[in-house]
């Protein structure tokens, strides 16, 4: 039981993963996404390159500074060991002699640079030698007058603290530990561990100090320590920051150029499409040409082509509505004119026979008008019906067999026989069954109308493969006079009628074949008219639909 549950969970997980991949696939394979990511990565690479360069330079600068200070401290350490440290009765350092060693180095020889300072500490961490005091140099600092910090000062302090915290994120654990030490901590650690302590720490004024402390050890015994410091690291870092400015400028130029390029490449076409769509909305039916984005092969190009196709379809629909309205107006005027004429003559009719004939004309035209309005209403609702109706699997053979049986049972069939030829294997299509039934009803009704009494209407159902697609094909053939070659397309025009001799005038609206073609094309198929091959006579209508089913 548990294994079945785990299997189902695994199957559900795989399905969810596949759905997620299908959602992400268009984004992953998107040319527009690749362009945006690529442009931003260029700017990021430029910035990262500058940061890495300055970080590497700073690390090398600190290491070089520590090596130099270590060499200087070792030199002082050696001189003190030789002149100021005695071994009896136990190892000890003479503070006075140690101070003399520093004085000879930094006073008489003027050896120490102004940006450095050396200390000698005894075992109690007291400074017994200070190069700054021995050299007689005095550091003078101008104290700022007391004042209340302004908002700008607080903002700058906040920026400095933020920069300090960000910089701490890139420091190692040892560097963080060294930064938090002071001089006495460093001396105490070097003397207690007997190891050289080096690193960057903060001085009393907050400036960075590169410091090296070397324990003085004659024979595994610490008698003091030498500390050598340098104070020019902040100035060197400032120079390095100035050196990174070209990288930052380059990154800013890349970002601005990429932003401008994306604006021209993406925002510009989208704005033009929006303006064209707004103009089309306010144009009042006037055709507005959409921006030509056909050369683009990304999503913007797809959107431009979709906008163009949509507006063209909209304009075609508006033209069709306008043409349909004109045709409807023309067709309705004919029976109305006939009714008006009969109604005007009716009061002046002197005999009953003439009056009855005029009344029959009015009744006939009223029926014709009612039929015309009904067909026009059906045609105008066709698109909405196709959008609302459910698409289902339709067996064409069974559908046409039922229709043929219904026609043969009707009294007005005039003894016309309907023959359905369908294969044993069901020919199915995915379609709206109601509208598709109307198509075949119109075609069969048209074939029965033109067939002579005792004739046969042949309905053939089949399948064929065309361009790798499976198609369902239905042909409806009659034994009537056929269709003149010049009218093979005209018969699909709205309100076009051509009825055989003897049929009642006005009994057809001329919309049946036009509606049938519209329905078939809405299903992705075709409806074509032709004639049977000689010596046979009669018309042939061929309906082709994409084959399919569940």
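The listed peptides 332-339, 291-298, ordered by packing as a protection proxy, come out as 332-339, 291-298 (highest mean of other Cβ atoms within 10 Å first). Full extension of the segment from residue 349 to residue 207, taken as 0.36 nm per residue of separation minus the current Cα-Cα distance, would add 38.9 nm.
Between residue 234 and residue 377, the distance separating the two model label sites (each 7 Å from Cα on the Cα→Cβ line) works out to 9.2 nm.
Here the spin labels are modelled as points 7 Å beyond Cα on the Cα-Cβ line, and at residue 220 and residue 421 they lie 11.6 nm apart. Gain on full extension, evaluated as 0.36 nm per residue between residue 367 and residue 487 minus their Cα-Cα distance, stands at 40.4 nm.
The numbers here are math on the coordinates, done by the rules we state, and not lab data. Bear in mind the structure is a predicted one, so any value in this text is a computation, not a measurement. In this analysis, Cβ positions are derived from the backbone assuming ideal geometry, glycine residues included, and neighbour counts consider all displayed protein chains.
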